[in-house]
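The values are calculated or read from the model by the stated rules, or taken from the named source; none is laboratory data. Predicted model only: the values in this text are computed from it and were never measured. As a convention, Cβ positions derive from the backbone with ideal geometry for all residues, glycine included, and neighbour counts pool all protein chains shown. We work out accessible area using only protein heavy atoms, side chains counted, and drop any ligands, DNA or RNA first. Shrake-Rupley method; radii C 1.70, N 1.55, O 1.52, S 1.80 Å.
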Amino acid sequence: MSKLAAFGGTAAVPKDRRGVDWPLIEDEDRKAVLDTLDGGRLVSNTEGSNPVATLEANWAQRFGFDHCVAVSTGTAALSLALAGLGIGPGDEVIVPALSFIATGLAPVHQMATPVFADVDAVTFNLDPDDVERRITPRTAAIIPVHLHGAPADMDRLLDIAGRHGLAVIEDAAQAPGATYRGRPVGGIGDAGAFSLQVTKNIPTCGEGGLLVTGRAELAEAVRRARQFGEVIENGRDRDYVSYGLGWNHKMNAIQAAFTTAQLARFDEYERQRQRNVADFLARLAALPGLRVPTALPDTTHAWHILRFRFERAGFGLSDDVRPAALRSALRRLLRAEGVPMSQYQLMPLPDQKVFVDRVGFGGGYPWTVTGDAAPAAADHPVARAIIADSLTLQKRHLNPGSGELLGLYADAFEKVWANRDAVATLAAAAS
């Protein structure tokens with residue numbers, strides 16, 4: 001039994017093997033950026049073909065979407081989808097209690113009230129039963145998140161939405177390439193939002209987002225809204241007339257060109273990434289007290305983030321030991337071995353200060369309109385349990401050449417699990 005690095009042993013992952021790049025920036029990415037600078041078509045409303053329009057067309061073609069609109073961020077894509085569907089003051093939008101903050105903020109940006117539903121213990125996505133319990137006469141939409149790249153239960157959510165007349169906007173920020181029963185996520189509901197932020201599976205050189213939809217009228221509404229409410233058409237002089245409420249949510253051409261180059265290599269990267277992650281998780285699946293992320297039947301998981309849950313019984317610990325104490329002990333020991341385990345979200349969304357204090361817009365809008373009470377602290381027990389007993393691995397595994405590194409990570413897990421008594425002692429002392 002090897003001595004743990006935290007106690008003076010040799011780390012399983014040598015320090016000179018820990019560095020890994022993401023995104024991978026290749027010559028074709030640099031060429032795409034330089035060609036864009038030389039070409040002079042630097043904004044999305046440039047007459048004729050431009051890099052933004054090229055990205056929109058290529059993304060739609062690669063994933064099978066009818067319409068794609070490039071915008072400044074994934075958050076903007078969510079907000080513009082809500083705006084395009086007419087969702088605003090007095091409306092409620094059901095979102096998961098476990099997600100990135102943008103999912104909850106997007107309704108507030110439209111003066112709609114986010115209503116938080118609990119999540120599933122395996123997929124970490126919206127629990128359809130809890131969604132249905134939270135529907136009121138004010139409910140206008142559901143935003144399922146395909147968290148970490150795992151598809152949500154879209155059949156059940158669409159059934160609920162159909163029976164109650166609700167819009168469905170997919171937050172697919174972490175899930176390009178994921179599929180649900182053969183369909184690409186993002187294109188299953190009324191609209192889907194993707195993020196191109198530099199850490200994503202298909203990145204840009206900074207920030208960016210895409211809205212996809214099968215509804216031509218919604219795509220046109222979003223195109224107007226991203227450009228101050230104007231109508232921009234090839235062959236038509238710009239009149240600078242705002243035909244409705246709009247924002248400046250355009251993507252710039254350099255970001256679009258960079259992502260187009262990355263998209264061209266996505267299939268190659270994704271094949272290798274799927275192999276690497278599958279091999280890694282197969283080694284860890286046998287470890288007692290460890291629940292590895294899972295791709296459910298009839299789905300393709302994009303593996304943007306790998307979340308691991310820890311069970312006290314696997315370490316001989318009683319229920320008197322707090323799950324967070326075991327999580328903290330494992331985080332310390334695995335990081336000492338060279339595995340950069342971290343938490344993703346430190347609290348459920350309803351505990352975020354912006355939602356607890358309900359400052360919002362002046363006078364506490366949108367909550368002032370609906371008069372909703374703050375959720376009870378005991379609400380969302382599954383989301384709270386997941387945060388308490390799990391850690392994540394982020395970004396390093398996205399590099400298609402990370403297979404060897406993931407093998408070293410697996411060595412580190414196995415080494416720590418071979419010292420389960422030491423783990424249990426640390427966890428019990430901290431509880």
* Within the stretch 25-41, tally of residues that are touching a helix residue (DSSP H, G or I) at 6+ places or on another chain (Cβ under 8 Å), assigned to a loop (DSSP other than H, G, I, E, B) and surrounded by 15 or more Cβ atoms within 10 Å (Cβ to Cβ) -> 1
* Which residue, of Gly186, Gly206, is farther than 13 Å from Val95 by Cα and either part of a strand (DSSP E or B) or open to solvent by 10 Å² or more (accessible area, probe 1.4 Å) (or both)? -> Gly206
* Structure fact -> Per the filter on the stretch 184-216, residues out of contact with any Pro (no Cβ under 9 Å at 6 or more places or on another chain) and free of Cβ contacts under 8 Å to residues at least 40 places away in the same chain are none
* **Criterion violated by Thr213 - all others in (1) surrounded by 14 or more Cβ atoms within 10 Å (Cβ to Cβ); (2) out of contact with any strand residue (DSSP E or B) (no Cβ under 6 Å at 6 or more places or on another chain); (3) of a type in the set (S, T, N, Q) satisfied** => (2)
* To do: Within the stretch 149-164, count every residue that is surrounded by fewer than 23 Cβ atoms within 10 Å (Cβ to Cβ) and touching a Ser or Thr at 6+ places or on another chain (Cβ under 9 Å).
  => 2
* Asked: Would a scan of the stretch 316-331 turn up a residue that is open to solvent by 40 Å² or more (accessible area, probe 1.4 Å) and closer than 26 Å to Arg134 by Cβ?
  -> yes
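Looking for whichever is β-branched (Val, Ile, Thr), over 27 Å from Asp267 (Cα atoms) and modelled with pLDDT of 95 or more here; the options are Val43, Val13, Val33. Which one fits? Steps first, answer last, please.
Working: Val43 fails: modelled with pLDDT of 95 or more; Val33 fails: over 27 Å from Asp267 (Cα atoms).
Selected residue: Val13, the only one of Val43, Val13, Val33 that is β-branched (Val, Ile, Thr), over 27 Å from Asp267 (Cα atoms) and modelled with pLDDT of 95 or more.
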* To do: Return the residue satisfying two criteria in turn: it lies in the stretch 8-24 and is of a type outside the set (Asp, Glu) and free of Cβ contacts under 8 Å to residues at least 24 places away in the same chain, and of such residues it is nearest to Phe228 (Cα to Cα).
  => Gly19
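Could you please let me know if Leu218 is of a type in the set (A, V, I, L, M, F, W, C), closer than 21 Å to Ala53 by Cβ and touching a Cys at 6+ places or on another chain (Cβ under 7 Å)? Spell out the reasoning first.
On the way: of a type in the set (A, V, I, L, M, F, W, C): yes; closer than 21 Å to Ala53 by Cβ: yes; touching a Cys at 6+ places or on another chain (Cβ under 7 Å): no.
Against the criterion (of a type in the set (A, V, I, L, M, F, W, C), closer than 21 Å to Ala53 by Cβ and touching a Cys at 6+ places or on another chain (Cβ under 7 Å)), Leu218 does not qualify.
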* Do the conditions hold for Trp417, that is, is it aromatic (Phe, Trp, Tyr), modelled with pLDDT of 95 or more and open to solvent by less than 30 Å² (accessible area, probe 1.4 Å)? -> yes
* Long-range neighbours under 6 Å by Cβ, at least six apart or interchain, first residue open to solvent by 10 Å² or more (accessible area, probe 1.4 Å) within the stretch 249-269, second at pLDDT 95 or above and of a type in the set (Lys, Arg) -> His249/Arg226; Lys250/Arg226
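Condition check: closer than 17 Å to Gly407 by Cβ, small (Gly, Ala, Ser) and not in a strand (DSSP E or B). Does Ala278 satisfy that?
Values: closer than 17 Å to Gly407 by Cβ: yes; small (Gly, Ala, Ser): yes; not in a strand (DSSP E or B): yes.
Judged against the criteria, Ala278 is a match.
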* **Flag if Pro381 is open to solvent by less than 60 Å² (accessible area, probe 1.4 Å) and either over 30 Å from Asp319 (Cβ atoms) or touching a residue at least 12 places away in the same chain (Cβ under 8 Å) (or both)** => no
* Any residue in the stretch 51-70 that's open to solvent by 40 Å² or more (accessible area, probe 1.4 Å): show its pairings with residues that are not in a helix (DSSP H, G or I) at Cβ separation under 6 Å, as long as the two are six or more apart or on different chains. => Gly64/Pro184; Asp66/Gly214; His67/Thr213
* Asked: Inside the stretch 68-84, can you point out the residues that are outside any helix (DSSP H, G or I) and either in contact with a Gly (Cβ under 7 Å, 6 or more places away or on another chain) or over 21 Å from Ala141 (Cα atoms) (or both)?
  -> Ala70, Val71, Ser72, Thr73
* Regarding Ala117, is this residue open to solvent by less than 40 Å² (accessible area, probe 1.4 Å), over 23 Å from Pro176 (Cβ atoms), modelled with pLDDT of 95 or more and of a type outside the set (S, T, N, Q)? -> yes
* Would you please name the residue that is modelled with the lowest pLDDT, looking only at residues in the stretch 314-364 that are under 30 Å from Asp16 (Cα atoms) and of a type in the set (Ser, Thr, Tyr)? => Tyr344
* Structure fact -> Taking the stretch 302-315 and keeping only residues that are open to solvent by 10 Å² or more (accessible area, probe 1.4 Å) and more than 20 Å from Ala422 (Cα to Cα), one is left with Trp303, His304
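Suppose the filter is open to solvent by less than 20 Å² (accessible area, probe 1.4 Å), outside any loop (DSSP other than H, G, I, E, B) and under 22 Å from His249 (Cα atoms); does Val95 pass it?
Details: open to solvent by less than 20 Å² (accessible area, probe 1.4 Å): yes; outside any loop (DSSP other than H, G, I, E, B): yes; under 22 Å from His249 (Cα atoms): no.
Answer is no for this residue.
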* Asked: For residues in the stretch 297-329 being within 25 Å of the chain's Cα centre (by Cα) and among the polar types (S, T, N, Q), which is farthest from Phe194 (Cα to Cα)?
  -> Ser328
* Just one of (1) of a type in the set (Val, Ile, Thr); (2) open to solvent by 10 Å² or more (accessible area, probe 1.4 Å); (3) over 21 Å from the mean Cα position of the chain (by Cα) trips up Thr294, so point out which. => (3)
